[in-house]
Amino acid sequence: MATSQDFVNWVCGSGINPYFLKYVLLAETEALWRFASGTTHQTIYYPEAKAFHVCLPSIAEQNAIAHILGTMDDKIELNRRMNTTLEAMARALFQSWFVDFDPVRAKAECRDNSLPKDLADLFPDSFEDSELGEIPWGWTCGTLDNYAFLNPESWSKNTRPNIVRYVDLSNTKWGCIESVTDHAAQDAPSRAQRVLRPCDTVVGTVRPGNGSYAYISEEGLTGSTGFAVLRPKRRVYAEFIYLAATSVANIDNLAHLADGGAYPAVRPEVVAATTVACVSHMAVSRFSHLVSPLFEKMSQNHQESRTLASLRDALLPKLLSGEIRIAAAEQFQRVGK
C-alpha cells in the first residue's frame, strides 16, 4: 500500500504492538496537534512527528491493552455491520411493498407472490393511474404530511430542561446518531430547540445530500433547528415515514432541490412534502409489525456501541498511563487484537 506525502507512516519494530501504537496516537491527538503549524491548513511535519515521545510498557502489557480496547472496537464494528444488514432488510421490504408494488403485480399477473394469504389479502390485484404513475387500485397519491406532523415541538426559554442532550447534524450520519452532547440549559447552542421523541424521524435540511438523518429511539433528546422532525400521527406509521423520507432516491431529490450559496438547504416543508403512496391502514400496520423488531434491535445495538465507546474512551488514558494495570498481562501474547 502506498500513501501520499500528506501521511506520516509509523513502522513498528518487534518491541511495539501496532494496535497499541494506534491507541497511543488516538489518546495523544491533542498533544500531537501542539506540533502543528500553519493557518489555513495545519500540518505536522516529519521532524516534529519523529520527535514525539511516548512511554512504552512491556510488550505483554501492550498486547493486553490492545486486546481489551480492540475487543470493544470489534464489537462496535460488528454492531455497525449488523445494523447495516437489518436496515437493508427493512428497506428491501418497504421497496417491494410500497414502491415496486410486487405483491400487487404478482396478483395482477396471477403469479404466486409467496406471501401468506392474510398478507396477500391486504393488496389489491390491479393498478390505476396517478401522479406517481401506476399505483395499486384503491390507493392514492399523497405526501408524508398524510402520515406525520412536521416539527411538532420546540423548547422555549421557560420549558428548556436544565440539561440539554443535544443532537447536531454533524453527529448524525446515514441513520446513526454517533454522539449526544450534554449542555447546561444556559450554555446550549441556540439551534438546540427541536424536541425529539421516540419514533420521530429527523432529516437534515442543510446539505441534505450529506445524509444527516436518523430514527429516534430514546427519550430526552433535543435536535438542531437544522433538522426537519417528522412525528408519526400513529405509532404504526413510524417505520414507513423513516424509510420513505430517507430512501436513497429521496435524499438525492432533496439534495437536488437544495439552494443557497455556502450552505445549500431545503425548507422543512419540502421534506414533509415527499411524495408517497397512501396505502391502506392495515397494510402499514402489518408492515410495522414485521419491521419494528428490526428497528428495536438496531436501537439496542446503537446503545450498546455508544456505551462501549464511552467505556473505551474512559479506559484508554488510564490504561496507557498505568493508572489501571492489567493482571496476568502475559496471557495476551498475540500481536494485535
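Sort through 269, 304, 218 and tell me the only one that's touching a residue at least 60 places away in the same chain (Cβ under 8 Å) and either under 30 Å from residue 118 (Cα atoms) or part of a loop (DSSP other than H, G, I, E, B) (or both).
218
So residue 327 clears everything in (1) part of a loop (DSSP other than H, G, I, E, B); (2) in contact with a helix residue (DSSP H, G or I) (Cβ under 8 Å, 6 or more places away or on another chain); (3) of a type in the set (A, V, I, L, M, F, W, C) except one condition, right? Which one?
Residue 327 satisfies all of (1) part of a loop (DSSP other than H, G, I, E, B); (2) in contact with a helix residue (DSSP H, G or I) (Cβ under 8 Å, 6 or more places away or on another chain); (3) of a type in the set (A, V, I, L, M, F, W, C) except (2).
Which of the residues that make up region 227-263 are at pLDDT below 95 and either outside any strand (DSSP E or B) or outside the structural domain of residue 211 (by TED's automatic domain parsing) (or both)?
Narrowing region 227-263 to residues at pLDDT below 95: 259-263.
Those that are at pLDDT below 95 and either outside any strand (DSSP E or B) or outside the structural domain of residue 211 (by TED's automatic domain parsing) (or both): 260, 261, 262, 263.
If residue 205 satisfies every condition in (1) buried (at least 19 other Cβ atoms within 10 Å of the Cβ); (2) touching a residue at least 40 places away in the same chain (Cβ under 8 Å); (3) within 30 Å of residue 313 (Cα to Cα); (4) in contact with a strand residue (DSSP E or B) (Cβ under 6 Å, 6 or more places away or on another chain) but one, which is the exception?
Going through (1) buried (at least 19 other Cβ atoms within 10 Å of the Cβ); (2) touching a residue at least 40 places away in the same chain (Cβ under 8 Å); (3) within 30 Å of residue 313 (Cα to Cα); (4) in contact with a strand residue (DSSP E or B) (Cβ under 6 Å, 6 or more places away or on another chain) one by one, residue 205 breaks only (3).
Quick check on region 98-106. Is at least one of its residues in contact with a Ser or Thr (Cβ under 8 Å, 6 or more places away or on another chain), buried (at least 19 other Cβ atoms within 10 Å of the Cβ) and hydrophobic (A, V, I, L, M, F, W, C)?
Checked region 98-106: at least one residue is in contact with a Ser or Thr (Cβ under 8 Å, 6 or more places away or on another chain), buried (at least 19 other Cβ atoms within 10 Å of the Cβ) and hydrophobic (A, V, I, L, M, F, W, C).
Every residue, every condition in (1) of a type in the set (S, T, N, Q); (2) at pLDDT below 85; (3) farther than 30 Å from residue 302 by Cβ; (4) touching an Asp or Glu at 6+ places or on another chain (Cβ under 9 Å), yes or no:
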residue: 5; (1), (2), (3), (4): yes, yes, yes, no
residue: 11; (1), (2), (3), (4): no, yes, yes, no
residue: 21; (1), (2), (3), (4): no, yes, no, no
residue: 39; (1), (2), (3), (4): yes, yes, yes, no
residue: 47; (1), (2), (3), (4): no, yes, yes, no
residue: 56; (1), (2), (3), (4): no, yes, yes, no
residue: 65; (1), (2), (3), (4): no, no, no, no
residue: 75; (1), (2), (3), (4): no, no, no, yes
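Does region 99-110 include one or more residues that are without any contact (Cβ under 8 Å) to a residue 40 or more places away in the chain, of a type in the set (Val, Ile, Thr) and in a helix (DSSP H, G or I)?
Yes.
Within region 87-106, count every residue that is among the charged types (D, E, K, R) and under 13 Å from residue 247 (Cα atoms).
Qualifying residue count for the region: 2.
All but one of (1) in contact (Cβ under 8 Å) with a residue 24 or more places away in the chain; (2) crowded, with 16+ Cβ neighbours inside 10 Å; (3) assigned to a helix (DSSP H, G or I) hold for residue 89; state the number of the condition that does not hold.
In the conditions (1) in contact (Cβ under 8 Å) with a residue 24 or more places away in the chain; (2) crowded, with 16+ Cβ neighbours inside 10 Å; (3) assigned to a helix (DSSP H, G or I), residue 89 misses (2) alone.
Could you check region 149-165 and list, in sequence order, the residues that are within 14 Å of residue 187 (Cα to Cα) and under 22 Å from the mean Cα position of the chain (by Cα)?
Residues satisfying the conditions are 164, 165.
If you go through region 172-183 one residue at a time, do you hit one that is surrounded by 20 or more Cβ atoms within 10 Å (Cβ to Cβ), of a type outside the set (Val, Ile, Thr), modelled with pLDDT of 95 or more and outside the structural domain of residue 305 (by TED's automatic domain parsing)?
no
The values are calculated or read from the model by the stated rules, or taken from the named source; none is laboratory data. Computed from a predicted structure; not experimentally measured. Ideal geometry is used to build each Cβ from the backbone, glycine not excepted, and the neighbour counts take in all protein chains shown.
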